[in-house]
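Here the structure is laid out as structure tokens; the discussion comes afterwards.
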Amino acid sequence: MTLSGKTALVTGATAGIGYAVAVQLAAAGAEVVVHGRNAERGAKTVQDVENAGGSACFVAADLSDADDVRRLADEAGEVDVLVNNAGIYPVIATFDATDADFDEQINTNLRAPFVLVQKLVPGMLSRGDGAVVNVSSVAASRPAADAGIYGASKAGLELLTKLWADEFGARGVRVNGVSPGPTRTAGTADFGPDGIEGMGRTTALARAADADEIASAVTFLASPAASYVNGTILDVDGGRPAIRPVA
Ligand SMILES: NC(=O)c1ccc[n+]([C@@H]2O[C@H](COP(=O)([O-])OP(=O)(O)OC[C@H]3O[C@@H](n4cnc5c(N)ncnc54)[C@H](O)[C@@H]3O)[C@@H](O)[C@H]2O)c1
């Protein structure tokens with residue numbers, strides 16, 4: 001799964017799944033543009049990526065602001081791999097959600113990946129080589145309680161993944177998605193009444209995932225090992241338990 005000579009931009013790379021992706025892509029030989037918001041966490045991630053044997057730089061940007069996303073793309077420069085990882089998943093019931101809640105989730109989870117593809121994929125197409133990996137969620141295909149806006153943002157991202165795979169594939173750019181199940185990250189550390197471990201117990205593997213287990217699927221899809229994989233949403237969710245017959 002070598003990525004030597006490639007440059008990868010990973011959004012939300014200073015924590016959770018994005019951090020694990022940044023370290024794994026660097027270990028595979030990529031130069032990594034680490035995106036985040038916090039300069040201190042950015043510097044630490046760059047250090048960790050370098051310790052993993054790669055090279056990295058940090059670019060700060062607020063993904064909920066389209067102009068800032070465009071600036072991020074300009075500062076990242078020419079990239080061969082784009083990992084749209086960053087996302088927010090607040091728990092908000094339909095009748096409690098404000099316009100601002102709606103806009104923040106849709107803009108961060110759906111518009112930012114769209115703008116990054118608009119800005120960065122033309123360069124990949126002109127070089128005839130590139131890979132985009134979008135991090136979705138099981139909530140895109142199975143409605144999750146009080147996470148309707150979130151699920152809609154990820155369902156939109158999955159639709160775009162399949163559209164872009166078709167639009168760009170013949171010109172050398174593959175687009176795929178990873179759909180994680182419950183994963184131990186900074187964002188899920190204080191999740192729900194039973195926590196992320198409780199959600200993990202509902203999977204067929206009966207446990208939550210570590211961020212590295214999601215990142216390895218992202219790394220595979222970004223790499224030449226997945227050269228004939230395009231338009232796929234890879235479930236990395238521990239498996240769905242069978243429906244048990246009622247006694
Ligand atoms: N952890 C899970 O159980 C799980 C399950 C399914 C899908 N996902 C998806 O995986 C991705 C990563 O999740 P995670 O759990 O690692 O998240 P996390 O909260 O641990 O980390 C997300 C990173 O994105 C950054 N980010 C969020 N909003 C931003 C913004 N407006 N501008 C710039 N940066 C921003 C955060 O600062 C953070 O560094 C998300 O897209 C999430 O929806 C996670």
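Descriptive notes on the structure:
- Of all residues in region 1-27 being closer than 17 Å to Pro224 by Cβ and surrounded by fewer than 21 Cβ atoms within 10 Å (Cβ to Cβ), the one that is nearest to the chain's Cα centre (by Cα): Thr7
- If you go through region 208-247 and keep only what is charged (D, E, K, R), surrounded by 13 or more Cβ atoms within 10 Å (Cβ to Cβ) and either touching a Cys at 6+ places or on another chain (Cβ under 8 Å) or not in a helix (DSSP H, G or I) (or both), you end up with Asp210, Asp235, Asp237, Arg240.
For (1) under 30 Å from Asp80 (Cα atoms); (2) in contact with a helix residue (DSSP H, G or I) (Cβ under 7 Å, 6 or more places away or on another chain), each residue gets a yes or a no:
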{"position": "Arg201", "(1), (2)": "no, no"}
{"position": "Thr219", "(1), (2)": "yes, yes"}
{"position": "Pro224", "(1), (2)": "yes, no"}
{"position": "Ser227", "(1), (2)": "yes, no"}
{"position": "Asn230", "(1), (2)": "yes, yes"}
{"position": "Leu234", "(1), (2)": "yes, yes"}
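- Residue pairs whose Cβ atoms lie under 6 Å apart, separated by 6 or more positions or on different chains, with the first residue in region 2-31 and hydroxyl-bearing (Ser, Thr, Tyr) and the second part of a strand (DSSP E or B) and within 11 Å of the ligand (Cβ to nearest atom), are Thr11/His35; Thr11/Asn84; Thr14/Gly36.
- Filtering region 1-41 to residues that are assigned to a helix (DSSP H, G or I), away from the ligand (no atom under 14 Å from the Cβ) and under 22 Å from Val117 (Cα atoms) leaves Leu25, Ala26.
- Listed by position, the helices (runs of 4 or more DSSP H) contained in region 42-160 that have at least 3 residues being more than 16 Å from the ligand (Cβ to nearest atom) and buried (at least 17 other Cβ atoms within 10 Å of the Cβ) are 112-127.
- Search result, residues across region 95-114 that are touching a residue at least 24 places away in the same chain (Cβ under 8 Å) and of a type in the set (Phe, Trp, Tyr): Phe102, Phe114
- Scan of region 165-187 for residues that are without any contact (Cβ under 8 Å) to a residue 60 or more places away in the chain and either crowded, with 18+ Cβ neighbours inside 10 Å or within 16 Å of the ligand (Cβ to nearest atom) (or both), ordered by number: Phe168, Val173, Arg174, Val175, Asn176, Gly177, Val178, Ser179, Gly181, Pro182, Arg184
- Every residue from region 135-162 that is touching a Phe, Trp or Tyr at 6+ places or on another chain (Cβ under 8 Å) and in contact (Cβ under 8 Å) with a residue 12 or more places away in the chain: Ser137, Ala139, Ala147, Ile149, Tyr150, Leu160
- Scanning region 190-199 for residues that are closer than 18 Å to Asp146 by Cα, more than 8 Å from the ligand (Cβ to nearest atom) and either crowded, with 19+ Cβ neighbours inside 10 Å or without any contact (Cβ under 8 Å) to a residue 40 or more places away in the chain (or both) returns Asp190, Pro193, Asp194, Gly195, Gly198.
- Among the residues of region 161-201, those that are modelled with pLDDT under 95 and outside any helix (DSSP H, G or I) comprise Ala189, Asp190, Phe191, Gly192, Pro193, Asp194.
The values are calculated or read from the model by the stated rules, or taken from the named source; none is laboratory data. All values derive from a computational prediction rather than experimental measurement. Glycine gets a Cβ as well: all are built from the backbone with ideal geometry, and neighbour counts include every protein chain shown.
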